[in-house]
Amino acid sequence: MEYETDRVIVVGAGVIGLCSAYSLLKAGRPVTVIDRDAETKTSCSYGNAGMVVPSHFIPLAAPGMISKGLKWLANPEGPFYIRPRLSPSLARWCKLFASHATAKHVDASCELIRDLNVESRRLFVDMAKEAGIELTEKGLLMLCNSDKGLDEEAEVAEMANRLGVGAEVCDPARLKELDSGIQMEVKGGVWFKNDCHMDPAAFVTGLRAKVKEMGAEFVEGVEVTGLSKRGGGVVKLDGVETPPGQHIVLACGAWTGEQMKSLGHRMPMQAGKGYSLTMKNPRELPKLCSILCEAKVAVTPMGERLRFGGTMEICGNDLSVNPRRVKGIIKSVSNYFPNYQESDFDGIEPWAGLRPCSPDGLPYIGRVTGYSNLTVASGHSMMGLSMGPVTGRLVAEILGSDSPCMDIRKLDPLRFD
């Protein structure tokens, strides 16, 4: 196979890798995508909640997360769990997370996260059309079944409106006006008007086909085993035959940190396992996507199907299913949607995926200092789908002649090295 000198090798064929390939091809760069899981589709891009969320401008590392996390740890069916293990990298990640769970960090990060999600939402409109999938632009409901939960979400709504992210605090009657498709038993909620949703597997599959149509080459079923440094700061992929010197974009999700480690760099990353269950014939079908706030469960209509997703399980790169955590998702649903029963989930096979989580809740996007041909695009945590298009645009701008469309110095891949 012959390669042009300006060809870009994208490692990873999830939403971040494919969006990067798409934008690079749009910019006139030839692209090769390396995909180790072409058949299994285990990437978290396929089974997630499918939400595009300008509303999610608060980083995962935020005030209150430590105390909430400690309380959830005691509940085997709760939404958060850290598997105990002797791991220096996990200990360091937890220490960094705790140091960033502050109001100062939120204030310093929320505008950048907002800008990433807002620009990504704008780009999604055209990309969804090109991928041949439907983007539902009706907003997101944050549903609360406690007064405390509603008070907390009302504070977020106030902050959202200050940042220009449209939000409306709703009583139960208003929620019923917005979505009459499902019976709710809640104290109230918040409607984030600009959020939207889609079927993520359909988007990724459609985008993959589009990228192939645009001329991308795919190397499938092979695994990059590491990175090697050559003379002049040039990086070479181990385990894959590629000519030296071509630019490499690491977009391999939860495995990106290990790839950087092979070069001797510390880019803290933990895999946050999440589960989803997709109901083919739901007894009620909402029109809007929603988040069950206290339970931390996402609910998304996808055509005639309904997906429920949740949990953040820090357990290494382990895709095994913890039935107690799945049970927690199932049990929470009837607390918000009273017409649902646990038996409605009988026979549904749970899906599991690994989110790549940085300790400060910000993605890693940018060239890697000291290397002439290496860029990272990873660490998006629960917003990989939502930030996919803008990440792709940034990658293309970083590798091209254009300046990035926003200041991304805070996303430096080596900021913790």
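Below, the figures for the structure above:
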{"item": "Within segment 250-267, considering residues that are touching a strand residue (DSSP E or B) at 6+ places or on another chain (Cβ under 9 Å) and not hydrophobic (A, V, I, L, M, F, W, C), the one surrounded by the fewest Cβ atoms within 10 Å (Cβ to Cβ)", "result": "Gly264"}
{"item": "Single match in Gly206, Gly189 (criterion: among the small types (Gly, Ala, Ser) and out of contact with any strand residue (DSSP E or B) (no Cβ under 9 Å at 6 or more places or on another chain))", "result": "Gly206"}
{"item": "Selection from segment 253-302 of residues that are on the phi > 0 side of the Ramachandran plot and either of a type in the set (Lys, Arg) or at pLDDT 95 or above (or both)", "result": "Lys296"}
{"item": "Filter result (closer than 24 Å to Leu175 by Cα, buried (at least 18 other Cβ atoms within 10 Å of the Cβ) and of a type in the set (Gly, Ala, Ser)) within segment 100-149", "result": "Gly139, Gly149"}
{"item": "Criterion violated by Met142 - all others in (1) in a helix (DSSP H, G or I); (2) touching a residue at least 12 places away in the same chain (Cβ under 8 Å); (3) in contact with a strand residue (DSSP E or B) (Cβ under 9 Å, 6 or more places away or on another chain) satisfied", "result": "(1)"}
{"item": "The listed residue being within 22 Å of Gly188 (Cβ to Cβ), among the aromatic types (Phe, Trp, Tyr) and in contact with a Ser or Thr (Cβ under 8 Å, 6 or more places away or on another chain), out of Phe308, Phe337", "result": "Phe308"}
{"item": "Hits in segment 45-101 - residues which are over 26 Å from Pro389 (Cα atoms), among the small types (Gly, Ala, Ser) and part of a helix (DSSP H, G or I)", "result": "Ser67, Gly69, Ser89, Ala91, Ala98, Ser99"}
{"item": "Neighbours by Cβ (under 6 Å, 6+ apart or cross-chain): first from segment 250-263, in contact (Cβ under 8 Å) with a residue 24 or more places away in the chain and more than 12 Å from Thr225 (Cα to Cα); second in a helix (DSSP H, G or I) and not aromatic (Phe, Trp, Tyr)", "result": "Leu250/Thr256; Leu250/Gln259; Ala251/Ile16; Ala251/Gly17; Ala251/Ser20"}
{"item": "Subset of segment 345-365 (residues that are touching a strand residue (DSSP E or B) at 6+ places or on another chain (Cβ under 7 Å) and over 16 Å from Met269 (Cα atoms))", "result": "Phe345, Ile348, Pro350, Trp351, Ala352"}
{"item": "Selected residue (only one of Asp402, Asp360 is outside any helix (DSSP H, G or I), of a type outside the set (Val, Ile, Thr) and modelled with pLDDT under 95)", "result": "Asp402"}
{"item": "Selection from segment 73-93 of residues that are surrounded by fewer than 19 Cβ atoms within 10 Å (Cβ to Cβ), among the hydrophobic types (A, V, I, L, M, F, W, C) and within 16 Å of Lys273 (Cα to Cα)", "result": "Leu73, Ile82, Leu90"}
{"item": "Check on Pro359, in contact with a Ser or Thr (Cβ under 9 Å, 6 or more places away or on another chain), crowded, with 22+ Cβ neighbours inside 10 Å, of a type outside the set (A, V, I, L, M, F, W, C) and over 30 Å from Ala128 (Cβ atoms)", "result": "yes"}
{"item": "Hits in segment 1-46 - residues which are polar (S, T, N, Q) and either at pLDDT below 95 or out of contact with any strand residue (DSSP E or B) (no Cβ under 7 Å at 6 or more places or on another chain) (or both)", "result": "Thr5, Ser23, Thr40, Thr42, Ser43, Ser45"}
{"item": "Top-ranked residue of segment 52-62 - restricted to ones that are among the aliphatic types (A, V, I, L, M) and surrounded by 24 or more Cβ atoms within 10 Å (Cβ to Cβ), ranked as farthest from Arg121 (Cα to Cα)", "result": "Ala61"}
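The values are calculated or read from the model by the stated rules, or taken from the named source; none is laboratory data. Here the structure is a predicted model, which means the values were calculated and not measured. Every residue, glycine among them, receives a Cβ derived from its backbone with ideal geometry; neighbour counts consider all protein chains shown.
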